[in-house]
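The values are calculated or read from the model by the stated rules, or taken from the named source; none is laboratory data. Note that the coordinates shown come from a computational prediction; the quantities given were computed from them, not determined experimentally. Here the Cβ is made from the backbone with ideal geometry for all residues, glycine too, and neighbour counts use every protein chain on show. Accessible surface is based on the protein model in full, side chains and every heavy atom, while ligands, DNA and RNA are left aside. Shrake-Rupley method; radii C 1.70, N 1.55, O 1.52, S 1.80 Å.
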Amino acid sequence: ETGVTQSPTHLIKTRGQQVTLRCSSQSGHNTVSWYQQALGQGPQFIFQYYREEENGRGNFPPRFSGLQFPNYSSELNVNALELDDSALYLCASSLSGRDTQYFGPGTRLTVL
Amino acid sequence: LAKTTQPISMDSYEGQEVNITCSHNNIATNDYITWYQQFPSQGPRFIIQGYKTKVTNEVASLFIPADRKSSTLSLPRVSLSDTAVYYCLVGDKGAGGTSYGKLTFGQGTILTVHP
């Protein structure tokens, strides 16, 4: 059984650019959730996708958007990057929206 | 959504048993208690989940008293590699407390294991 994977591992962008982060869910899981973790803080919920539909959203602006594909993998897109977007972005998958979530290793995004 | 309170930090030594207590006075009837472990620059790792009494797996034990207003994560014989942040979450089975499984993380407990 393959766990949650994320790509890339690290990414450096400049302010104003756009970025796409990718996540492959654990085998058998149809739900993917995205989190942002700033240094020294706990992860903050961005949104969740269940069967290709956005299933819930946290307090993040519309320039944070996502997609889920028929194989349940997912993308997180961030437009007009700001310095404060520098963080560890985490993806978690679960059997369904309210089941136990299992996290990937994260993508470290640095915005200069 | 039940709020949790944990110690900010704890220190221990190799080989000792470590108990981290989490308070959740407003836990709802259907809520589960879930613990995650996180190493620097890595994703949180699911440790254990329980509803009442005691749950044990190969990594830890979770003790939940009858009133369920607190819980204790017990790590037997810790090693240096157990140095990490430990998060206690309360909610539905996904520990989200919402219809869509949003996890709400607090600051967690920084456990430092010394040689």
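Can you spot a residue in the stretch A:16-38 that is open to solvent by less than 10 Å² (accessible area, probe 1.4 Å) and more than 14 Å from every other protein chain (Cβ to nearest Cβ)? Taking every residue of the stretch A:16-38 in turn, at least one turns out to be open to solvent by less than 10 Å² (accessible area, probe 1.4 Å) and more than 14 Å from every other protein chain (Cβ to nearest Cβ).
Counting only residues that are open to solvent by 10 Å² or more (accessible area, probe 1.4 Å) and either assigned to a strand (DSSP E or B) or touching a Pro at 6+ places or on another chain (Cβ under 9 Å) (or both), the stretch B:48-58 holds 6 of them.
Screening the candidates A:PHE45, A:PHE64 for the property of being surrounded by 14 or more Cβ atoms within 10 Å (Cβ to Cβ), more than 14 Å from chain B (Cβ to nearest Cβ) and touching a strand residue (DSSP E or B) at 6+ places or on another chain (Cβ under 8 Å) yields one hit, A:PHE64.
Could you please let me know if B:SER71 is open to solvent by less than 40 Å² (accessible area, probe 1.4 Å) and either under 26 Å from A:LEU95 (Cα atoms) or modelled with pLDDT of 90 or more (or both)? Taking the combined requirement at face value, the residue satisfies it.
Residues that are out of contact with any Ser or Thr (no Cβ under 6 Å at 6 or more places or on another chain) and open to solvent by less than 10 Å² (accessible area, probe 1.4 Å) were ranked within the stretch B:95-107; the one that is modelled with the highest pLDDT is B:LEU103.
Before we move on, is A:SER93 in a loop (DSSP other than H, G, I, E, B) and either out of contact with any Leu (no Cβ under 7 Å at 6 or more places or on another chain) or small (Gly, Ala, Ser) (or both)? Judged against the criteria, A:SER93 is not a match. Residues of the stretch B:76-94 that are open to solvent by 10 Å² or more (accessible area, probe 1.4 Å) and within 13 Å of the chain's Cα centre (by Cα): B:VAL85 alone. In the stretch B:22-36, of all residues being open to solvent by 10 Å² or more (accessible area, probe 1.4 Å) and within 12 Å of chain A (Cβ to nearest Cβ), the one that is nearest to the chain's Cα centre (by Cα) corresponds to B:TYR32.
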